[in-house]
Each structure stands twice: as structure tokens, then as C-alpha cells.
Amino acid sequence: MNHEGHRQRLYEKLKTGGYLHEHELLEMLLFNAYPRRNTNAIAHSLLDAFGSLRGVFDADISALTEIYGVGESVACYLKCVAACAMPAYCDEGQDVYLKNYGDFKEFVARRLRKKTEETLELYFFDKGGRVKYIYSRTDFDKHKVTAQSKELSALIAARKPYGLLIAHNHLTGDSSPSAQDDKFTGEMEVLCSLNGVTLYDHCIYASDNNVFSYFDTGKIDRIRDAYNVNALIKNQKP
């Protein structure tokens, strides 16, 4: 990509009053932080992690520096911009609240329908149902995505959500869970129960009309019974 040409096109959209998407606005903010670097990928990574511009602005510096390519100086720059811009983003409507399975299914579809590789996402909730953080990972492979239990355990312990939802996509058109999907859901139940977090659901997206839900099918209850840490301790007693 011709970075200078791309930047000039965004500047022209701004000058002529054209509509700028959130990722384009964030790209332009990052031009000053990265004078000679393509900022598109970093902008998308930030929005994938925090859900929106407001989410990026709300994030603390340590969370921002967890994003690949974002150092402390860039994180401080974004927080400075946030301090100036936050009055424009104070509308409660900017937050994402998911109250039921229908809300979650719609949110998952919006997040995953355009993905061209298998992607895993974890949605962290506060007690009121607000999405407070989004973890998004891909191996840039159409058939698999991996995540390390140690990394996820540290993330849950650091974020301290009230509840957690899992979603990933199948590009085969079949949303049926695999044995590996069941195993991963069980591992996540162990991590959640160790940290006092409720695992609400695991959804597998194949299309807008083909989404498998562990909650809707009752599988999440069977996994809780088998993998909740209290159940595991009880089963190990003589």
C-alpha cells in the first residue's frame, strides 16, 4: 500500500466532509504517533480489543500496551487525546450492553460475519451486562485458531469480569461443535470458576442463520457440572 497516498485520501475525506469510519479516525490519530508507518493494522487491533473508539479511550495505559505495536509513548498519546475528546463520547449509548441470548447472537454475527479466517473472541462483562473488554485472536488460518490457557488465565485474573462469553467462527458452513471446541469450553469453565467468573455461553458462528449456542442447547450446563472447579475437587475426594 502507498502509505502517503492512503493518508492523503483520508485527509481529503476529512476536508470535504466525507464519512469517516471509526478505524479511519483512529488511523488518522495515529499518524502523528507513527509518521512513517501504516497505522491501519494497529487501528483495527485496538478496535478489535476494545470494541469502539470510546473503548480505546477508556482503556488504561497498561491495557493499551498489550496490543502489538503499541508502546508506552503511543499509549500515553492516546490517553492525552482521550482527555481532550472524551466529552464528545460521553453518551451512554456508545456502550454495548448484551442482556439475553438474542442480543449476544446479533453481536456475534456483527463481529464475525466478515471474518475470512477462524477467529476466537472473548467478551468480558460487568454485572450490568456491559461489554467492558474484548479479546480477539486469530492465527490467520481458515480452519483453526489457538489460545494459550496461561495467557487467558492471566487475562481473566487481570480484567476481573463478572461474566464471560466465548465466540468463534467456522468457515465450513457447519456450526456444530468439535471435540476440541468442547474441550476448550471445559478449560474456560475451569479458568472462570477459579476466578469467580460466570461463563455464560460459547457460540459458534457459521452464518447469521446458523449459530450454535452451548447455552441454548444445554451443553453449557453439562460442562459446568463436569468442569467447575468445585465439582472437580468434589470428584477427587475419596
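Values quoted throughout were computed directly from the atomic coordinates according to the rules given, and no laboratory measurement underlies them. Note that this is a predicted model, so its numbers are computed, not measured. Glycine also receives a Cβ, built like all others from the backbone with ideal geometry; neighbour counts cover every protein chain displayed.
A few notes on this one:
- Ranked Ser178, Ser45, Ser213, criterion: other C-beta atoms within 10 Å, fewest first: Ser178, Ser45, Ser213
- Relative contact order (%) - criterion: Cα under 8 Å, at least six apart; region: the chain: 13
- Values of log10 I(q)/I(0) for segment 1-159 across q = 0.16, 0.21 Å⁻¹ run -1.07, -1.60, by the Debye formula with one identical scatterer at each alpha carbon and no solvent.
- Residue pairs exceeding 30 angstrom between C-alpha atoms, taken from Lys99/Lys219; Lys79/Lys127; Lys132/Lys219; Lys13/Lys105; Lys160/Lys183; Lys13/Lys142: Lys13/Lys105; Lys13/Lys142.
- Exposure proxy order (Cβ contacts within 10 Å, fewest to most) of Glu117, Glu72, Glu27, Glu22: Glu72, Glu117, Glu22, Glu27
- Nearest 10 degrees, 0 to 90: helix 40-50 Cα axis against the chain principal axis: 40
- The label-point distance for Leu14 and Ala158, in a model that sets each label 7 Å from Cα toward Cβ, rounds to 3.0 nm.
- Residue order, fewest to most surrounding Cβ atoms within 10 angstrom, among Thr185, Thr39: Thr185, Thr39
- Simple rule: put +1 on each Lys or Arg Cβ and -1 on each Asp or Glu Cβ in the chain, find the dipole, and look at Cys80, Leu165, Asn195; the Cα lying farthest toward the positive end is Cys80.
- Spin-label model distance (nm) - Asn40 vs Gln148, 7 Å beyond Cα toward Cβ: 3.0
- Computed on segment 101-236, with alpha-carbon pairs under 8 angstrom and 6+ residues apart, the relative contact order is 24 percent.
- With a cut-off of 9 Å between beta carbons, the residues surrounding Glu117 carry a summed charge of -1, where Lys and Arg count +1 and Asp and Glu -1.
- FRET efficiency, Phe31 to Asp60 (Cβ-Cβ, R0 22 Å, nearest 0.05): 0.40
- Extension gain for Asn210 to Glu72 (0.36 nm times residue separation, less C-alpha to C-alpha distance): 45.5 nm.
- Projected label distance in nm at Ser176 and Thr198, using a 7 Å step from Cα toward the beta-carbon: 3.2
- 0 to 90° range, to nearest 10: angle between helix 22-31 axis and the chain longest Cα axis: 60
- Taking the C-alpha atoms only, the angle from helix 72-85 to the longest principal axis of the chain is near 80 degrees.
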